[in-house]
Amino acid sequence: MIELLLIGIGTGNPDHLTRQAEKALRSADLVLIPRKGANKADLAELRQAICDELLQGSAARVVIFDLPKRDAENLDYRAGVDDWHDAIARVWTDTIQAEIGDTGRVALLIWGDPSLYDSTLRIAGRVDRAVPLKVTVIPGITSLQALTASHAIPINEIGAPFLVTTGRKLREEGWPAGADTLAIMLDGECSFQAVDPEGVTIWWGAYVGMAEEIILSGPLAELAPRIVETRAESRARHGWIMDIYILRRA
Ligand SMILES: C[S@@+](CC[C@H](N)C(=O)[O-])C[C@H]1O[C@@H](n2cnc3c(N)ncnc32)[C@H](O)[C@@H]1O
C-alpha cells in the first residue's frame, strides 16, 4: 500500500508550514516535486528549498518529475483537463513504482491547501485505479487566508455569505447572485475591470505571503488602473505573478 501525503505548504512563506506539515514531510520515503520546464511559476525551487531545509537527517528521497503539458488546442476544455489529469496520474504511478515500488509514504507539497482550486485530490483518485492508495491531507494556509491576513480584514460581513470564484467567471457572467463579497482567484486578466465600480471596494494582493508581496486596497474606481499597471510591471520584473483579490459592494 502507498500512502500519499498531500501536504499544504501555504503560499510561499516557509513559516506558513505547520508543525503537522513538517512532521508529515519528514516521515515520507519519497517527495515528488513537479517541474513545468523553465516556468518559474511552477515554484519548484521553492519546494526544493523547503525540502533542503526540513529534510536534513531524514531518509526521504526527493525526485523532480516533468509535469505533462495540457493540450490547450483541445476545444473541449473538460476533456482536455481529463486527459491531462490522466497523464499526470500515469507519471506519478510510474515514478512511485520506479522509486519505491508499491509500499511506502509519498509526499506532494501542495501550494496553499489541496481543497482550493487544486486538482491533486482529483488526480489521486485516478492513480488509485492503478495502485491502491491511502490519501492523507495535511491542511495548509490558503492564498485567501494570506490575503485577508495581509490586509487585516475579515472575509465576511457579520452573518453574511461570501463567494469564491475565478476571474473568467466574473468576466463572462458578471457579479454572481447571492453574495456582496467575492474572492477572485485564477485571474490573468484583471477581470475586476468588467465590474461596475460604483460602491465597490477592492483588496488586492500579489505574491501574498512571499518576500515580493504587494498589496493595495481602496475604491475600485480609483484603484483599478493602478492595479493593472502594478500587475503588468511586477509580472515583467519577476517573470511570473499570482494575484488574488476581494471585491465588496456596499
Ligand atoms: C491553482 S490556484 C491554487 C490555490 C491554492 N491551492 C490555495 O490554497 O491558495 C492558484 C491561484 O491561487 C492564487 N494564489 C496562490 N498563491 C498566491 C499568492 N502567493 N499570492 C496571490 N495569489 C495567490 C491566485 O489567484 C492563483 O491564480
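The values are calculated or read from the model by the stated rules, or taken from the named source; none is laboratory data. No experiment lies behind these values; they were computed from the predicted model shown. Here the Cβ positions follow ideal geometry from the backbone for every residue, glycine too, while neighbour counts run over all protein chains shown. Remember, those area values only see protein heavy atoms, side chains included, never the ligands or the DNA or RNA. Shrake-Rupley method; radii C 1.70, N 1.55, O 1.52, S 1.80 Å.
Share of carbon and sulfur in the accessible area of segment 2-138 stands at 48%, probe radius 1.4 Å.
Rank Ala89, His151, Ala232 by how far each Cα sits towards the positive end of the charge dipole of the chain (+1 on Lys, Arg Cβ; -1 on Asp, Glu Cβ) and give me just the farthest. Positive-most Cα among the choices belongs to Ala89.
With unit charges on the beta carbons (Lys and Arg positive, Asp and Glu negative) and the dipole taken about the Cα centre of segment 2-138, which residue among Ala98, Thr120, Leu17 sits farthest to the positive side? About the Cα centre, the residue reaching furthest to the positive side is Leu17. Close Lys pairs in the chain, defined as Cα atoms under 30 Å apart and 8 or more places apart or on different chains, number 10.
Once the chain from Asn156 to Ser58 is taken as fully extended at 0.36 nm per residue, the excess over their C-alpha distance is 31.1 nm. With coordinates expressed along the principal axes, the C-alpha atoms belonging to segment 163-211 extend over 35, 21, 18 Å, beginning with the largest.
For n ≥ 4 DSSP H runs only, could you compute -39500 (n - 2.57) per run for the chain, divide by its residues and tell me the 222 nm figure to the nearest 500?
Details: 7 runs with 89 residues, N = 250.
Value at 222 nm, helices only: -11000 deg cm²/dmol.
Of the peptides 141-148, 21-28, the order by per-residue mean of other Cβ atoms within 10 Å, starting with the highest, comes out as 141-148, 21-28. A P(r) calculated from all alpha carbon pairs of segment 143-249, with 5 Å bins opening at zero, reads 2, 13, 25, 26, 21, 9, 3, 1, 0 percent.
About its Cα centre, what dipole magnitude does the chain give when the only charges are +1 on Lys and Arg Cβ and -1 on Asp and Glu Cβ, stated in debye to the nearest 20?
Roughly 380 debye for the chain.
The label-point distance for Thr136 and Ala177, in a model that sets each label 7 Å from Cα toward Cβ, rounds to 4.5 nm.
At q = 0.09 Å⁻¹, work out log10 I(q)/I(0) for the chain with the Debye formula, treating every Cα as an identical point scatterer and leaving solvent out; two decimals please. So the normalised log intensities are -0.44.
What's the percent breakdown of Cα-Cα distances in segment 1-124 across 10 Å bins, shortest bin first? Once binned at 10 Å, the Cα pair distances of segment 1-124 give 12, 44, 34, 8, 1. Average projection, convex hull of the Cα set of segment 80-157: 6.8 square nanometres. Extension gain for the segment Ala250 to Ala98, taken as residue separation times 0.36 nm less the Cα-Cα distance, is 49.1 nm to one decimal. Charges were assigned to the Cβ only: +1 to each Lys and Arg, -1 to each Asp and Glu. The resulting dipole of segment 143-249 about its Cα centre is roughly 160 debye.
For Ala49, put the label point 7 Å out on the Cα→Cβ axis and report which residues of segment 185-213 keep their amide N under 11 Å from it. Correct set: 210-212. Roughly what % of DSSP beta bridges within the chain run antiparallel, to the nearest 5? The antiparallel fraction comes to roughly 40 percent. Remark: segment 2-138 carries a charge dipole of roughly 200 debye about the Cα centre, counting +1 on each Lys and Arg Cβ and -1 on each Asp and Glu Cβ. When peptides 103-109, 227-233, 67-73 are ranked by their average number of other Cβ atoms within 10 Å per residue, the highest-first order is 103-109, 227-233, 67-73. Of all DSSP-defined beta bridges confined to segment 1-116, some 5% are antiparallel rather than parallel. Protein heavy-atom accessible surface, 1.4 Å probe, per residue over segment 2-138: 52 Å². The Cα center of segment 133-152 and the Cα center of segment 56-100 differ in position by 22 Å. A full extension of the chain between Leu216 and Leu75 corresponds to an added length of 47.1 nm, given 0.36 nm per residue minus the alpha carbon distance.
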